[in-house]
Every structure is written in C-alpha cells, then in structure tokens.
Amino acid sequence: MALLRLAATFAEAGFVALVHDHRTFGASDGTPRQDIDPWRQIEDWRRAITYLESRPEVDADRIGLWGSSYAGGHAIVLGATDRRLKAVVAQVPTISGFEQSRRRVTPDNIVALDAVLDADERAQLAGEAPRTQALSAPTRPSPPRTAPRTPSTSTSRNSPKERAGTTASPSAPPTRHAYTSRAFSSTASPPPHC
C-alpha cells in the first residue's frame, strides 16, 4: 500500500506517522462497507489525533496532518476546525463534493441516480439494509479513464485483485454532494502564536 510506504519514509525522517483506514474501509470494521461519509471520516481523523496525543513518543504540540485527494479536503476542514493541528498539507484536495459528483455522473444519469438514492433512503427508513452497488467486477475490465463515470462505471485506483467485487453504498453520494472544504480554506492555517 502506498500510504504505508509514505509513512515509512516519514518515520525514517524522524516523524511519528499514523496511517488509518476510515470506518467501513480496509482493515476497519463497520457496515455498509465502502460507505463514504465525509463528516464521519473527519470524526475518524479527530479520534486519530486524540490517539496520537496519548502516545508518549508524540509531541502533542507538534501534530500535523497530510491528506491527498478526497482526504485533502478533510485536511482543509480539520486545519480550520481542530486547533490541535500545527501543520496541514492538502495535496490535490477535493474542494467541492457537488462539483466532483457532477464530473462523475453524466447529466443524463443524474435523475436516475437521484431516484435510486431516494428509494434507498425510503427503504432504510422502513428497516431495510442499505443498498449497495458493484463498483467493479473481476470479469469486466475497467473503462478507460476518459470515459464519463456513472454509478456502473466507477473505478478504483486499487489493484484489480482488490477491486474485484468491490461494492459501495449508494446512500453516500447525497452526503458527498453537499460536502465542501472550500468554505474552510481561508481559516485552515493555525492562528499565530499557537
């Protein structure tokens, strides 16, 4: 995993590095699997920061955070709202979940996607398990990167073995849709004299 190699590089340079999987991802537990809720992921990061503060090898006054892509947006939000952080790096961050979702779903599929999401919300209210959708299958090749992405053609950067049979909850897009880190970007750096 690339993050583990990066963490090892930071550790070799003298940093304490913590890599975690958000709930419902990787080695973390939780269901439905692969459910993307940015605000819960930010809560997970806050807990990770609290954990780091408790470690004897960590200087709690020198905790920094690095996030890339979607997590880069989380880094911006946390840099603006969690003053325990003294440094924040946001590499190619997601700034607007709304704009990002518009790039991943073609305009002619938005109405159909919204109908699926609304039906899933009603089903969950009636006590049904959240609906999941296949993101990839072992027998179907990934579409070219230039193809418009719809719910049925979403791709993952994980290896083909890790992608095979991956599912995700489609209830996540409404939360991602409203997610924006742009509003936090002007206050993301720690105040002077921290």
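The values are calculated or read from the model by the stated rules, or taken from the named source; none is laboratory data. Keep in mind it's a predicted model, so treat the numbers as computed, not measured. Neighbour counts are summed over all protein chains in view; Cβ atoms, including those assigned to glycine, are modelled from backbone coordinates with ideal geometry.
Taking residues in the range 24-35 that are more than 16 Å from residue 130 (Cα to Cα), and partners anywhere that are acidic (Asp, Glu) and surrounded by fewer than 16 Cβ atoms within 10 Å (Cβ to Cβ), the pairs with Cβ atoms closer than 8 Å and at least 6 places apart or on different chains are 27/21; 28/21. Going through (1) out of contact with any Leu (no Cβ under 9 Å at 6 or more places or on another chain); (2) at pLDDT below 95; (3) part of a helix (DSSP H, G or I) one by one, residue 7 falls short only on (1). Of the residues that sit in the range 17-55 and are of a type in the set (A, V, I, L, M) and outside any loop (DSSP other than H, G, I, E, B), which one is farthest from residue 6 (Cα to Cα)? The selected residue is 42. The lone criterion from (1) among the aliphatic types (A, V, I, L, M); (2) exposed (fewer than 14 other Cβ atoms within 10 Å of the Cβ); (3) closer than 20 Å to residue 179 by Cβ left unmet by residue 42 is number (2). Return yes or no: is residue 61 touching a residue at least 12 places away in the same chain (Cβ under 8 Å), in contact with a Lys or Arg (Cβ under 9 Å, 6 or more places away or on another chain) and either in a helix (DSSP H, G or I) or aromatic (Phe, Trp, Tyr) (or both)? Against the criterion (touching a residue at least 12 places away in the same chain (Cβ under 8 Å), in contact with a Lys or Arg (Cβ under 9 Å, 6 or more places away or on another chain) and either in a helix (DSSP H, G or I) or aromatic (Phe, Trp, Tyr) (or both)), residue 61 qualifies.
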